[in-house]
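Before any comments, here is the structure.
Values quoted throughout were computed directly from the atomic coordinates according to the rules given, and no laboratory measurement underlies them. Remember, predicted model here, so these are calculated numbers, not experimental data. In this analysis, Cβ positions are derived from the backbone assuming ideal geometry, glycine residues included, and neighbour counts consider all displayed protein chains.
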Amino acid sequence: MLLWSGQAGSVLGTQVTQIAFPLLVLGLTGSAAAAGLVAAARTVPYLLLPLPAGALVDRRDRRAAMVVCSAGSALALASVAAAHAGGALTIPHIVAVSLVEGSFAVVYGLAETAALRQVVPTAQLPTAVAQQQLQYSVGGIVGPPLGGALYGVSIALPFAVDAASYTAAGASLAAVRTPLPGAPAAARSIRAEVAEGVRWLWGHPLIRYMAVLTGMLNFSGQGITLIAVVLSRGQGASPAEIGAIFAAGGVGGVVGAIAAPFVQQRVSFGQAIVGQIGCSAVAILLLAVATTPLLVLSALVLWNLVGPLYDTVQQSYRMALVPDRLQGRVTSVFRMFAQGMGPFGLALTGVLLDRVGGAATALACGGLMALLALVTARNPHVRGAPPIASVGA
């Protein structure tokens with residue numbers, strides 16, 4: 001529960017600035033491409049850092065790593081609030097903060113995943129992962145309207161609140177008395193340990209395909225927030241109203257996170273994965289015809305409703321398969337593929353929004369995701385994946 005509550009605080013703060021960052025950059029520059037660049041900067045570390053970070057997490061105490069990352073993120077966000085208050089905030093500063101926060105997020109996420117496997121038995125992994133997804137869904141309801149409201153009061157305020165949330169998260173994790181150690185450090189180089197994680201993942205065709213698939217899904221869908229913000233602003237919505245739209249859309253995430261373990265028990269791995277991708281494609285394509293805030297809201301509800309199912313199914317399945325001593329390294333390789341495509345997708349989304357508009361951008365992203373659903377439906381490893389109970393056994 002301390003592990004869970006520590007993450008909950010930082011999730012809420014991140015949801016606050018998820019709305020505040022694009023509003024800030026759009027206000028400073030008026031450019032969707034610049035907003036896409038800032039969003040992409042936070043995801044660049046997911047391409048560059050996972051492999052060495054995974055080896056480090058498997059060697060060191062995972063609780064200590066999470067505490068340090070929370071403190072570093074708090075300082076980075078506080079610098080945005082301080083610079084804006086002093087009239088010295090620039091786009092390079094915002095990009096640098098996004099890079100720093102993203103780097104700490106990489107290490108924190110790997111340490112948290114490995115730690116979760118240490119404190120939760122295999123049979124309860126789907127429920128535990130769904131509970132984590134519930135954090136994001138609840139944060140998606142509370143954070144955006146709070147971020148929009150705080151931004152309306154003071155542009156610096158959302159970033160100060162996010163810094164405080166990271167501080168609270170670090171304090172919660174510091175209260176965990178039991179250490180969450182990695183394996184004893186072997187007399188091997190980081191390179192050799194990383195190679196072991198790469199070989200394990202590459203030797204499992206299902207996990208290998210899921211890593212590539214998740215990367216392509218992030219490439220095509222990670223810009224949905226930016227698309228929705230640009231469309232809503234074009235329809236005359238205020239920052240507070242945009243936050244309210246995202247909050248209402250987050251209700252779908254709460255329902256999806258609660259339902260995900262039950263759905264996983266009643267459908268096969270392949271049915272859950274293909275169904276989720278198809279519904280996500282429909283959600284993005286709905287934005288292509290969203291001429292009113294209500295249609296934007298409908299697309300976000302559907303997107304958030306099915307999102308937790310994909311994460312719960314694939315993450316719990318992977319965690320059940322991977323040996324504890326390799327959790328950090330295999331997860332780092334998976335996330336390098338899965339999240340490394342995010343920066344390119346976000347940057348391209350920003351450029352497309354500037355050049356062809358929101359509707360055409362949503363059509364391109366949704367079309368690519370629909371193609372991924374068709375390809376995945378024909379993949380034999382996805383179709384033939386056994387139930388997680390037999391994997392755990």
Item to check | Distance between the range 75-146 and the range 1-60 - C-alpha centres, whole angstrom | outcome: 6 Å
Checklist entry - Put +1 on the Cβ of each Lys and Arg and -1 on the Cβ of each Asp and Glu in the range 250-393; which of 351, 300, 281 then has its Cα farthest toward the positive end of the dipole? => result 281
Item to check | More than 16 angstrom apart: percent of Cα pairs within the range 276-338 | outcome: 57 percent
Checklist outcome for this item: Residue-ordered couplings for the range 329-346, obtained by feeding phi - 60° into the Karplus form 6.51 cos²θ - 1.76 cosθ + 1.60 and rounding to whole Hz (Gly and Pro as x), are 6, 5, 4, 5, 5, 4, 6, 4, 5, 5, 9, x, 7, x, x, 5, x, 5
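About its Cα centre, how strong a charge dipole does the chain have in debye, to the nearest 20, once Lys and Arg get +1 and Asp and Glu get -1 at the Cβ? Walk me through the numbers on the way to the answer.
Working: 20 positive and 11 negative charges, 182 e Å.
Charge dipole of the chain: 880 debye, to the nearest 20.
Given the peptides 131-138, 220-227, arrange them by the average over their residues of other C-beta atoms within 10 Å, most packed first. Working shown, then result.
On the way: 131-138: 21.4, 220-227: 24.1.
Put in order of decreasing packing, that is 220-227, 131-138.
Residue 230: net charge of surrounding residues, Cβ under 15 Å, Lys/Arg +1, Asp/Glu -1, itself excluded? Working shown, then result.
On the way: positive: 233, 355; negative: 241, 354.
Taking every Cβ under 15 Å from that of residue 230, the sum is 0.
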Item to check | 3J(HN,Hα) from dihedral phi, the range 226-240, Karplus parametrisation 6.51/-1.76/1.60, rounded to Hz, x for glycine, proline | outcome: 5, 4, 5, 5, 5, 4, 5, 5, x, 8, x, 6, 7, x, 5
Item to check | Rounded to whole Hz, the Karplus (6.51, -1.76, 1.60) HN-Hα couplings of the range 163-171, x for glycine and proline | outcome: 4, 5, 5, 5, 5, 5, 5, x, 5
Checklist entry - Of 52, 99, 173, which is farthest on the positive side of the dipole of the range 36-194, counting Cα position, with +1 on Lys and Arg Cβ, -1 on Asp and Glu Cβ, and the Cα centre as origin? => result 52
Checklist entry - Which option, (i) 1.01; (ii) 0.95; (iii) 0.99, is the value of Rg/Rh (Cα atoms, Kirkwood Rh) that was calculated from these coordinates? => result (ii)
